[in-house]
Every structure is written in C-alpha cells, then in structure tokens.
Amino acid sequence: MDYTKIMPMLTLRGKIVFPHTAIYFDVSRKKSISALEEAMSQDQMIFLTGQVDPNKDEPKREDIYDVGTIARIKQLVRLPQGLVRILAEGVGRGRLLEICESEPFFRVEVMTRELDEREMNEKEQEAFLQSIKDALKIYASENPKFNENLLKQMMDIDQLEVLVDELATNLPIHILQKQMILETLDLSARAEKLLVMLNEEIEILEIRKDLQGRVKQSVDKGQKDYILREQMKVIREELGEENIQDDAGEYREKTEQLKASKEVKEKLLKEIKRFQGMPAAAAESSMIRGYIETLLDMPWNKSSKDNKDIKKAIQILEEDHYGLTKVKERIVEFLAVRALTRKGEAPIICLVGPPGTGKTSIARSIARAMNKKYVRISLGGIRDEAEIRGHRRTYVGAMPGRIVEAIRQAKVKNPLLLLDEIDKVSSDYKGDTASALLEVLDGEQNVNFRDHYLELPLDLSDVFFVATANDLETIPRPLLDRMEIIEVNSYTENEKFHIACKYLIPKQIEKNGLKEEHLLIENEAVYAIIRSYTREAGVRELERKIGQIARRTARKMMEEERNSVTVTEENLKEFLGTPIYVREEKQKKPEIGIVTGLAWTPVGGDTLSIEVNIMPGKGEFELTGRLGDVMKESARAGISYIRSVSSDYQIEPSFFEKNDIHIHIPEGAVPKDGPSAGITMATAMLSAITKIPVRGDLAMTGEITLRGRVLPIGGLKEKILAAKVEGIQEILVPVQNQKDVRELEEEIISGVTITYVSQMEEVIKKAFTKSL
C-alpha cells in the first residue's frame, strides 16, 4: 500500500541511484551537505532524485524529477576542500509530492510504494529473468570491457526486480534512459524496457565490430598510417556522406546551371563521372577536381554590359588623363561603332611610348569609361610558352595559361585585358612566347583559342586587348602586324604643367595626409620643377619631386606648427635642394668641328654634341663613343660624300691621305645607334676640314646618302622638345618630314624655327657661319 513520509532530499547531477544497489558519490553543495547531516541525525534515510539540468546550482521544483530513490546512508566520510563522500544504498522508489522546506536544505514529502501496480506470476518472472541473462551473456561476449566478476555476480541474482535495477546501474546507457527505467513502476514494463535497451546495445556492438572488421580488411599491412582515414571513409559510406559523392553531385548541379556550350557541358559531365569512380586517395583525383573547378569557374557565355553613353565615356577619360588625344579618339570611335552595329569587333590596340607617359593607367581609365572589367597581365621577362597557352594536364602541377587565368579572374568573357610590356617578352628552349601570342591577338583566330590545360575552345573575340610597349623594335613583325599602333609621345612642358596641377599635386597632397589649403605650389615653381629638377619623357620623376615637397610640407607643419606652406620659385631649393639641370644660354658660341645633333631614346628625345678632330696621319678614320653599326655606316657615307665634293670646297686631294679624322660623340657609356645623325656627322667633318665654325644655336637631324640627299627620320616630336630644352633656335629637318611637323601641336613648334632641307648643300649653307 501507499504511504507518505517527510524526509530530507538530495538532488543528484548526472547520476541515478536505483533500489537494491549501493553506490559511492561525492557531495560539495552546502544545501546537500546539510540534508545529509539532517538524515544522519535522524534515521539515515534520504530521498535521492536527479536534476533535469545538471548545470544548475540552485534547482527549483520544475528542475527536479518527480520519481527518485529512497536510500539509506551507509557511510559518510569528510574530505578536504569541503567535500563529503557517502555510500548510499537504494531501498525503494518514491514520488516527490511536495517540497516542505527549501532552506537550509530540501525537506520534502515523499510517497513510497512497497508493491508494483500489478503482480507478476512466477513463470513470467522466470521468462524475463532468463531472457535478460541470455542477452547479458551475449553483450558481455561482444563487449570485452565488461567486468567478468560483475557478470558472474549478476548471473547469481534470482530476483527479477533486483537484476533489473542492478543491470540498469551498470549498463552504459544514457542517463535519460536510466531515469525512464526508474520511473517505470510496473516490473513487467520495466524488465521489457531494459531488455530492449540491452538488445540495442548488442546491435550497436555488432555494427562496430563489423565496421572494424571491414576496415581491417581494406587496410594493407604497410598502410598503418591510414587506419584513421579508412575508418572515417567506411563510416561515411555507411551514413551516405561520402565526400566524393557529395562533391560530384554538387558539380553536376553547377554544370546544369552553367551558361556554356553543349561541348563544354559534355566534357564536364565526362570528367565528373571519372572523378566519381576514382578513389579519394588517388593522386589523379585532386587533379581532376582542380580541372572540373576551373571549367566551372570560367565565364563561357557570361558577359558584362558595356557603357553606350559616349558623352559619359569622354567625360571619364578627360577626368583621368590630360592629353593622349589619339587614344581617347580611338575609344570613342569604338563606342560609336558598337552603338550603331550592336556588335563591332573589339580592337587590339598597342600603346607605344616612353616610360611614365600614362600607358598603363589609361588602360584602367578605358575600362572604367566602357564599364568593363579590368585585368592586367605583366609580360615582362616571360620566356615560357606555357605561361600563355597553359600546361598540358599530363604534367604534375599543371595550370591554365595567364590569358585563361585572367578571364577566369574577370568572371566575364568581355573584359579589358592589358598586356603590359609586350616588347619585353623573350624566348628560350621552352618555346617562343611572342609566337604564342599570335593566336591570342588575331581577331580571326582567337574565336576558338585553345589553352593546353582547358582542352576546349575559348572565345576571346569579345576581349578588348590593350598592349603597352616602350620600343617597337623588339616586337616581332607578325605580332606587330596584328595590333593597331597608337603612339603615346613625350609630354611637352605645358602638358606636364597641366598634369602636375590637375592630377599629381592633388594626388600627393591626399597621399601624404595634407589638405588642399595646407600646400600651395605657385605656377612658376611648377615650371621650375619641370625645367630644373626633371628631364624625362613622362611624369614619374615629376610626381616623385612633388611627393618630396608634400613630405617636407608635412614635416614643417609638425615641427614649426604652421597652418600652410607656399612653395615659390625662390624657396624651391629648401624643398628639393640644388637644381639638377641648369639650362644653358640660348646664344651658343659657334665652334669648328662641333655640331649639335638630335636623337630619339626610349625615354624621350636627347641632344648629341658631335665632335670631329683633324690631325696629321696616314688617312685613318676613327669613330668613338660606343656607336652602333648603323651609325658607323652613316659616318662612312658622310666622309665618302665629302670626298666626292672636295673640289667644291677647295680641299686638296691629298688631304685625306695625309690626315686622320676622329669622330667622337660624348657620354661614351651610353650606346648610340641609328641613321638620323648622318647629316650632323658630315657637317662636323666638313667644318673641321675647312676650319669654318658651325652655328651653336642650330641643331639638325636626318639620314645622309652618298650623293648628299637628306632622308626622313622618326621621333621628331621628342627631338624638337629636346632641342627646345637646350635653347636651340633653329632645327634642320628633312623635307619629307614636313607632314609629321604639320601634325604637331603649335605649342611644340613655337619658339623654334623649323627649316626643311633636302640636300647637304642646303644644310651646309644654313649651318656654316660663312659661305665657301
């Protein structure tokens, strides 16, 4: 029958005590220790029940299970640090009815049950008893960790109720399952639940054993290092979570969503099938994975929408760069054609000019103006053909070429692709890089560009190619023929001034943490920087000098606590030091055997002072100053011309046999070549032979023939700018270059007289201070 009793209660965390069992556990909470002390002072009986949440230190009524165990405290031992260890023996089940007191410990009213809800007959008990013992034997045989003494002890138990509670205590099942058995008051139901749990544990042990056996068979004796990986592999196979299968499914979904041709999708599905049937440990598996991911990342038919607003494009181009008229015009023409035809072939442009003239930055500006993705490939020093076409997949570590990688990076099929420094590609035994670029830059062929790695045709016809170069001489003719050449010439002094004021000064002010009102550079100071501290075709050195001024300004503001700094032509030395280039006087003294020539270099124009000396000798002809073969041939052509007309200038026929002629061009460390100094060297030699001075304010350029004709030359704009910097008043130019002069801006030719010549007689007449 049921009856109630008031007794102290102790809540257990993560532990269940069953009737008919004895168990040790430690107690540390003050409230629990007080409950134990109260029980020991009375009849040693205490109610033990579990907490729903074991992390709560102060459980309330809803945090405590209703059904627990009435236990007798058999032993109590006090340990250091306030711990108490007790031995409790379960007497019977009890149900919590009411908490009478919660301080200083729980005092509760408990209803106990001496009998189960229904009585079991002996045969039923015996059947359950034998079933549980048989299952326990199987469990113990499958689990080598199960204690043999404990098994023997349980086999000797002949009471079903005691066996169930004892086995529930020692079986490694979850605490919620133990609480469920404790709460099941009917013995038959309790025994049935335990038997089910025991059989489930046996099944788990058999599955684990089967898994371990299969893993052991699949692992070779020499592969002990891979045991853990193999175990994980088998487990994933059992759960259906194999990585390769998951990845293959994901790749198939992406292939279905991919905007690509049928050929590309068929290739992808074929590779996915190969990948799916390959072991994860195979070396080729990672290679195929990389190939599939590369194909999926490629923008086969994905394009960006170009800007069709020509006015907006012009505005962006003008905002970013000053000058560069030809480049801007070509871009606007392309946009106009694209707007009319809705297609228009993407041009392949090559910007050629000295360093620092804005070739690379204008490409970025073009991309912004056309609303295209911008990708840059630096070709300087590339000598392996595979860098362009990619490596074949048979090689370990194979990867796509730079062209494919750039398209992949842009994520659209119609970006602006900058091929920077195309004149600096080289070749070796691995292949010719320039020849590999022929297909890329050919509008007829690049529709089906085949990269060795991709093994599929890639359409490059929508890519806007922009190449940059400093010198066309090093670019092979077939490659040069495929590109539209646009020259980006040297900047004039006025252009540099506008670039400095509009772009460079604001950029450096912002870069160095200043504001517009902190630094003012007067116009005369900007011109002084250009003339006295820089001598270049572009504006890189000019930007460095402006940056130096900005840094000095920041330092002055911090040290001298100034609000602003003004840079004038007078105080410029405080910021940049002594001028590097001193401009010579415009009126130069006429000299015998010294003539000023003009030369073109990759960094802009330059002047050459050609010197000739005549000395007694045996008719030898010497050339010094590190001259190239073409320049030496021009000098020999010049002396041959002079000898052919020596009678016109009263030169003795024996003069060339009795005297040596020495031509020297200063700055001997700098290599010099080209035919454009032909008339200059001939004039200098004739001046030295006839002892007639040549005008010092005059410079000349042109190729000479044996008959004294003056042939056209290139790089005229740079040469004229160099002459103006040196204070030259008049320049002699071949008459056939008259068309080139007409294309130059008025600013370039102002302040200097351009005289056209077609014969050496005209040159001599203009250059010599007196007539012969």
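Assorted remarks:
- Projected onto planes of every orientation and averaged, the convex hull of the alpha-carbon atoms in segment 472-592 covers 12.0 nm².
- Cleavage-rule hits (GluC sites (Glu not before Pro)) in segment 543-651: DSSP loop, at most 15 neighbouring Cβ within 10 angstrom: Glu561, Glu569, Glu570, Glu584, Glu585, Glu620
- In sequence order, calculated HN-Hα J values of segment 467-481 (Karplus, 6.51, -1.76, 1.60; Hz; x Gly/Pro): 9, 10, 7, 9, 9, 7, 4, 8, 8, x, 4, x, 6, 4, 5
- Nearest 10 degrees, 0 to 90: helix 243-257 Cα axis against the chain principal axis: 50
- Kirkwood Rh and Cα Rg combined as Rg/Rh, segment 405-540: 1.13
- Rolling a 1.4 Å probe over the protein heavy atoms of segment 43-85, with every protein chain left in place, gives an accessible area that is 46 percent carbon and sulfur.
- With every protein chain in place, segment 497-648: carbon and sulfur % of accessible area (1.4 Å): 45
- Rolling a 1.4 Å probe over the protein heavy atoms of segment 311-367, with every protein chain left in place, gives an accessible area that is 55 percent carbon and sulfur.
- The solvent-accessible area of Cys100, taken with every protein chain present and a 1.4 Å probe, is close to 60 Å².
- When each of Lys372/Lys545; Lys632/Lys739; Lys502/Lys556 is checked by Cα-Cα distance, pairs over 31 Å: Lys372/Lys545
- Across segment 430-469, the convex hull enclosing all Cα atoms gives 83 Å³ per residue.
- Shown here for segment 290-394: GluC sites (Glu not before Pro) in loop regions (DSSP other than H, G, I, E, B) with at most 14 other Cβ atoms within 10 Å, namely Glu345.
- For segment 681-772, the set of trypsin sites (Lys or Arg not before Pro) satisfying both a DSSP loop assignment and a count of at most 15 other C-beta atoms within 10 Å is given as Lys691, Arg707, Lys770.
- Dimensions (Å) - the chain, Cα atoms, principal axes, largest first: 152, 68, 60
- Principal axes of segment 3-119: Cα extent on each, largest first, Å: 48, 28, 26
- Within a straight-line Cα-Cα reach of under 22 Å, Lys373 can be paired with the following lysines, leaving aside sequence neighbours fewer than 8 residues apart in one chain: Lys259, Lys302, Lys305, Lys308, Lys311, Lys312, Lys328, Lys343, Lys359, Lys411, Lys413.
- Bins of 10 Å from zero: percent of alpha-carbon pairs in segment 661-772: 13, 46, 35, 6, 0
- For the chain, the solvent-accessible area with a 1.4 angstrom probe is 53 square angstrom per residue.
- Within segment 1-46, all pairs of alpha-carbon atoms sorted by distance into 5 Å bins from zero give the percentages 5, 17, 24, 28, 18, 6, 2, 0.
- In terms of its C-alpha gyration tensor, segment 360-475 has an oblate overall shape, because the principal axis ratio a/c (a ≥ b ≥ c, square roots of the eigenvalues) is not below 1.5 and a/b does not outweigh b/c.
- Per principal axis, descending, Cα span of segment 60-178 in whole Å: 48, 42, 25
- Along the chain, longest interval not containing exposed chymotrypsin sites (Phe, Trp or Tyr not before Pro), exposed being DSSP loop plus at most 13 other Cβ atoms within 10 Å: 1-394
- Magnitude of the charge dipole, segment 21-163, Cβ model with Lys/Arg +1 and Asp/Glu -1, debye to 20: 580
- Diffusion coefficient of segment 544-635 by Stokes-Einstein, Kirkwood radius over Cα pairs, 37 °C, 0.692 mPa s: 177 µm²/s.
- Segment Lys311-Phe146, length gained on full extension (0.36 nm per residue, minus Cα span): 50.8 nm
- Between 0 and 90°, nearest 10: helix 678-690 axis offset from the chain longest Cα axis: 40
The values are calculated or read from the model by the stated rules, or taken from the named source; none is laboratory data. If you're wondering where the values come from, they're calculated on a predicted model, not measured in any experiment. Heads up, the Cβs are rebuilt from the backbone with ideal geometry, glycines too, and the neighbour counts pull from every protein chain shown. We work out accessible area using only protein heavy atoms, side chains counted, and drop any ligands, DNA or RNA first. Shrake-Rupley method; radii C 1.70, N 1.55, O 1.52, S 1.80 Å.
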